[in-house]
Amino acid sequence: MTAPVSVRVAVVLHRTDRAVLERLLRSLAVAVARARAEGSVSDVTVHLGDSTPNSPPGSAVDSAVIMEKSGAQRPLGTGFLHDHREAAAGLDVRYDAFGENLWHSGGTNRLLDGLTEDAALLLNPDLLLAPDAVDRLVRALGGDRVGIADARQLPFEHPKPHDPVTGDVPWASMAACAVRRETWEEVGPLDAEWFPMHGNDVDFSWRARLAGWRVVHVPGARVVHDKRLTSAGSVAPSEVEEEHGARAALLLAVKYSRPDVAERHFATLESGTPAQRRGAAAVRSLLSHTALPPLLDPDHLVAEFVGGDFAAHRF
Amino acid sequence: MTDDLLARTSFAADGPMHRLLRRLAERATAAVPLPAAPDPADRPFLSVLTRTQGRRPETLRELLLCLAAQTCDDFELLVLCHDVPADRAAALDEVLAEVLAELDSPLRGKVRRVDVAGGGRSRPLNVGIEQARGRYLVAVDDDDLVLAHWAAEFRRLADEAPGAVLRAVVAEQDVVETPDVAPGHTAASAIRTPYAERFDILGHLVSNQTPNLGAAFPRECFDLLGLRYDEMLPVFEDWDLLVEAALLCGVASTPEVTAVYRRWQHQGSSLLEAGEESWRATERDLAARMDARELLLPPGTFSALRWYKAEQLEYAAEHERMAGARDAAEVELSRVTDLLAQTQQQMADVIRSYEESTSWRLTAPVRRATDTARRLRGGAS
């Protein structure tokens, strides 16, 4: 991949507050300008896809109306894009209301359909990017066989291990990462049926590694991810996240040829919280109604199951 | 008003009420007023005081990113550059320039750099206090991290309890330096929440449960009451200020975790720099200082202290009962031991007198013959 590269940014919205989206776009505009100045990036288009059910239909950013968490509807065009013309001028922003909840995987697939740019940048809306984040992520894709570059999240650094010299990491978080077009074309799209929300990043990373691509963590590419902590110090999942987390744990074990792990997880999750039991029931139902696809990684080359995690965490 | 109260309470000039009023009056008289605002409504809600020695420009960069991501942007930031040597100044300037000029965020136009020369750890904070314009002030070090709702939670508490010290929960995480890998440090432990969920003044008399970045002080603490960080203290200056302010202003507290205090595993932690003995000595000094003051304790303290005292009395009574039982048991053990010794002596005497008797000696051949016959019959047993 030769610099400067063109980039398509994909952001899936779901009941996203306009202020949250503005925070992302402001920092993205700065980071894109920096990357252009550094010579790593050329054209950048930002594709916002709204997965909020019943959100007002529309495909023009100036007339777009987004539905916030509270249910309030706010015109997007009179927000950041209107008030920060100068910053926004560096961004070609497009908006598409899906009219239904495609979840993260389906929404991302829709936004990256027909990817012609050299790279894709996948971002959650609840991020703020460091000014050098885009430059560092895109440059990392220039490494030998690097297919996915994973950003460092703040204030909670992910505990998955990475090689301090090469950056190689077991998987990349789809909350903030860059993907080479060739990797996307060869490995994509995301598995929206089995992993609509959680686990899509682990699955995509493992498939990329099985195809010979490297996944690297870029600790200098920092993003603030607006998460909250429980009183015990863990990131607080919503009920939906907990349900999808359970579902992902089970289906990753099935898909990556570890029925023993799946059985252990079933035993744990089916006696777990209501959300975990719902996730396990959904998987039982899916497996009983769906023919299994070819199972991957029979020799256990990339897939790791360590407790409930998908790598031996650093802490 | 204060003079009037002092005069009225002079009938008991050595009483706690008069002493407390006198101390507050002396503090208020000596207080250096903070900068005035043309219109108090123009004040930002919060002044964030960040001291840095320029040692860790990359952690400062991360703090600034976290501040730029705040959901409440009604704050100003004073970066207090404390004795930053020339060789560190360039990296620090680069970080600040990036934030001030490049990061298009609510921080733009709200960051001031203040150079501070000399003094100890607390000097830059006191300099910052005297330049702060906010209605509340909070200190955050250059290696701390804050969650995106950190300022918003303080704002919510201030709306609920105007004028109180605002307190949220701080988590902590170990961090290590990685000199060869950008950005030069990485997390080294899971996040812990070792501090109390709710502010409890009695708990804070035992140990500090609120790192700096978990407490925002109303500016009146400094403006009217004349409080400052004690520059003579090598450590615990935040604990000292918090307890004093909490006793005078009260505390509004939330169990929400809003910040992460990073504990360096190898070097650079204030614990290691100060040395454990220094910490203990300062702790004793603080206790002595508190003992010399009258304390205004909040409602509920009577019952809490009563409960603690009742527990302590019950424990003491139980301890006394246990000690009595132990003494009685020791007496009984001694008596039984003596009795056993006497009995053993008596048995030994009986055996010896029997073995020395004429009948025992005369029957010895019979016993030997019996033993021989037994061996021949059945072998040795």
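Got at least one residue in the range B:71-89 being among the β-branched types (Val, Ile, Thr), part of a loop (DSSP other than H, G, I, E, B), within 14 Å of another protein chain (Cβ to nearest Cβ) and in contact (Cβ under 8 Å) with a residue 12 or more places away in the chain?
Scanning the range B:71-89 turns up at least one residue that is among the β-branched types (Val, Ile, Thr), part of a loop (DSSP other than H, G, I, E, B), within 14 Å of another protein chain (Cβ to nearest Cβ) and in contact (Cβ under 8 Å) with a residue 12 or more places away in the chain.
Residue A:216 passes all but one of (1) under 19 Å from the mean Cα position of the chain (by Cα); (2) in the same structural domain as residue A:301 (by TED's automatic domain parsing); which number fails?
The one condition residue A:216 does not meet is (2).
With respect to residue A:7, is the statement that it is assigned to a strand (DSSP E or B), modelled with pLDDT of 90 or more, β-branched (Val, Ile, Thr) and more than 30 Å from residue A:194 (Cβ to Cβ) true?
Here the answer is no, as residue A:7 does not meet what is asked.
Does residue A:274 qualify as being surrounded by fewer than 21 Cβ atoms within 10 Å (Cβ to Cβ) and either hydrophobic (A, V, I, L, M, F, W, C) or modelled with pLDDT of 95 or more (or both)?
For residue A:274, the condition - surrounded by fewer than 21 Cβ atoms within 10 Å (Cβ to Cβ) and either hydrophobic (A, V, I, L, M, F, W, C) or modelled with pLDDT of 95 or more (or both) - is met.
Is it the case, given these coordinates, that residue B:198 is more than 23 Å from residue B:69 (Cβ to Cβ), over 22 Å from the mean Cα position of the chain (by Cα) and basic (Lys, Arg)?
The answer is no for residue B:198.
So residue B:98 passes all but one of these: (1) of a type in the set (D, E, K, R); (2) within 10 Å of chain A (Cβ to nearest Cβ); (3) over 20 Å from residue A:154 (Cα atoms). Which condition number does it fail?
Status for residue B:98: all satisfied but (3).
Looking at (1) surrounded by 20 or more Cβ atoms within 10 Å (Cβ to Cβ); (2) not in a strand (DSSP E or B); (3) not polar (S, T, N, Q), which one does residue A:182 not meet, given that it meets all the others?
Residue A:182 satisfies all of (1) surrounded by 20 or more Cβ atoms within 10 Å (Cβ to Cβ); (2) not in a strand (DSSP E or B); (3) not polar (S, T, N, Q) except (1).
When the residues of the range B:139-172 are filtered to those that are in a loop (DSSP other than H, G, I, E, B) and within 11 Å of chain A (Cβ to nearest Cβ), which remaining residue is nearest to residue B:49 (Cα to Cα)?
Per the criteria, the residue is B:144.
Scan A:42, A:70, A:63 and give me the residue that is over 23 Å from residue B:69 (Cα atoms), over 19 Å from the mean Cα position of the chain (by Cα) and at pLDDT 90 or above.
A:42
Among the candidates A:214, A:228, which residue alone is in contact with a strand residue (DSSP E or B) (Cβ under 9 Å, 6 or more places away or on another chain) and more than 14 Å from chain B (Cβ to nearest Cβ)?
Among A:214, A:228, only A:214 is in contact with a strand residue (DSSP E or B) (Cβ under 9 Å, 6 or more places away or on another chain) and more than 14 Å from chain B (Cβ to nearest Cβ).
So which residues in the range B:173-193 are part of a loop (DSSP other than H, G, I, E, B) and more than 10 Å from every other protein chain (Cβ to nearest Cβ), if there are any at all?
B:179
Need the failing condition index for residue B:167 against (1) without any contact (Cβ under 8 Å) to a residue 12 or more places away in the chain; (2) surrounded by 22 or more Cβ atoms within 10 Å (Cβ to Cβ), just the number.
(1)
In this structure, is residue A:247 crowded, with 19+ Cβ neighbours inside 10 Å and under 23 Å from the mean Cα position of the chain (by Cα)?
yes
Every residue, every condition in (1) in a helix (DSSP H, G or I); (2) surrounded by 13 or more Cβ atoms within 10 Å (Cβ to Cβ); (3) hydroxyl-bearing (Ser, Thr, Tyr), yes or no:
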position: A:254; (1), (2), (3): yes, yes, no
position: A:264; (1), (2), (3): yes, yes, no
position: A:288; (1), (2), (3): yes, no, yes
position: A:293; (1), (2), (3): no, no, no
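Would you pick out the residues in the range A:158-179 that are buried (at least 20 other Cβ atoms within 10 Å of the Cβ) and within 12 Å of another protein chain (Cβ to nearest Cβ)?
Selection gives A:158, A:160, A:162, A:167.
If you go through the range A:18-49, how many residues are away from chain B (no Cβ under 11 Å) and not basic (Lys, Arg)?
Residues flagged as away from chain B (no Cβ under 11 Å) and not basic (Lys, Arg) within the range A:18-49 amount to 15.
Which of the numbered conditions does residue B:93 fail, given that it passes all the others? Conditions: (1) part of a helix (DSSP H, G or I); (2) within 14 Å of another protein chain (Cβ to nearest Cβ).
The number of the failed condition is (2).
Considering every residue within the range B:243-260, establish whether at least one is within 14 Å of chain A (Cβ to nearest Cβ), part of a loop (DSSP other than H, G, I, E, B) and closer than 20 Å to residue B:62 by Cβ.
Looking for residues that are within 14 Å of chain A (Cβ to nearest Cβ), part of a loop (DSSP other than H, G, I, E, B) and closer than 20 Å to residue B:62 by Cβ, one finds none in the range B:243-260, hence no.
Can you tell me which of (1) within 22 Å of residue B:155 (Cα to Cα); (2) of a type outside the set (Lys, Arg); (3) more than 17 Å from the chain's Cα centre (by Cα); (4) assigned to a loop (DSSP other than H, G, I, E, B) is the one residue B:209 doesn't meet?
The number of the failed condition is (3).
Can you name the number of the only condition in (1) more than 14 Å from chain A (Cβ to nearest Cβ); (2) under 22 Å from residue B:282 (Cβ atoms); (3) touching a Ser or Thr at 6+ places or on another chain (Cβ under 9 Å) that residue B:196 fails?
Result: residue B:196 fails condition (1) only.
Out of A:283, A:224, which single residue is surrounded by 19 or more Cβ atoms within 10 Å (Cβ to Cβ) and not in a helix (DSSP H, G or I)?
A:224
May I ask you to list pairs of residues, at least six apart or on different chains, whose Cβ atoms are under 7 Å apart, with the first in the range A:287-299 being over 10 Å from residue A:254 (Cα atoms) and the second being part of a loop (DSSP other than H, G, I, E, B) and not aromatic (Phe, Trp, Tyr)?
Pairs found: A:297/A:257; A:297/A:303; A:298/A:257.
Name the residue that is farthest from the other protein chains (Cβ to nearest Cβ), counting only residues in the range A:136-157 that are more than 15 Å from the chain's Cα centre (by Cα) and more than 21 Å from residue A:38 (Cα to Cα).
It comes out as A:145.
Taking the range A:234-252 only, how many residues are within 14 Å of chain B (Cβ to nearest Cβ), closer than 17 Å to residue A:309 by Cβ and of a type outside the set (Val, Ile, Thr)?
1
Return yes when residue B:118 is of a type in the set (Gly, Ala, Ser), outside any helix (DSSP H, G or I), away from every other protein chain (no Cβ under 14 Å) and surrounded by fewer than 17 Cβ atoms within 10 Å (Cβ to Cβ) and no when it is not.
yes
Provide a single number: the residues in the range A:108-164 that are hydroxyl-bearing (Ser, Thr, Tyr) and either under 13 Å from residue A:223 (Cα atoms) or touching a Lys or Arg at 6+ places or on another chain (Cβ under 6 Å) (or both).
Total satisfying the criteria: 0.
Any idea which of B:179, B:162, B:183, B:124 is of a type outside the set (Phe, Trp, Tyr), surrounded by fewer than 22 Cβ atoms within 10 Å (Cβ to Cβ) and in contact with a strand residue (DSSP E or B) (Cβ under 7 Å, 6 or more places away or on another chain)?
None of the other options fit; the residue is B:183.
Do we have residue A:187 as among the hydrophobic types (A, V, I, L, M, F, W, C) and either surrounded by 20 or more Cβ atoms within 10 Å (Cβ to Cβ) or at pLDDT 95 or above (or both) here?
yes
The values are calculated or read from the model by the stated rules, or taken from the named source; none is laboratory data. Remember, it's a predicted structure, so these values are computed and weren't measured experimentally. Reconstructed Cβ throughout: ideal geometry from the backbone, glycine too, with neighbour counts over all protein chains shown.
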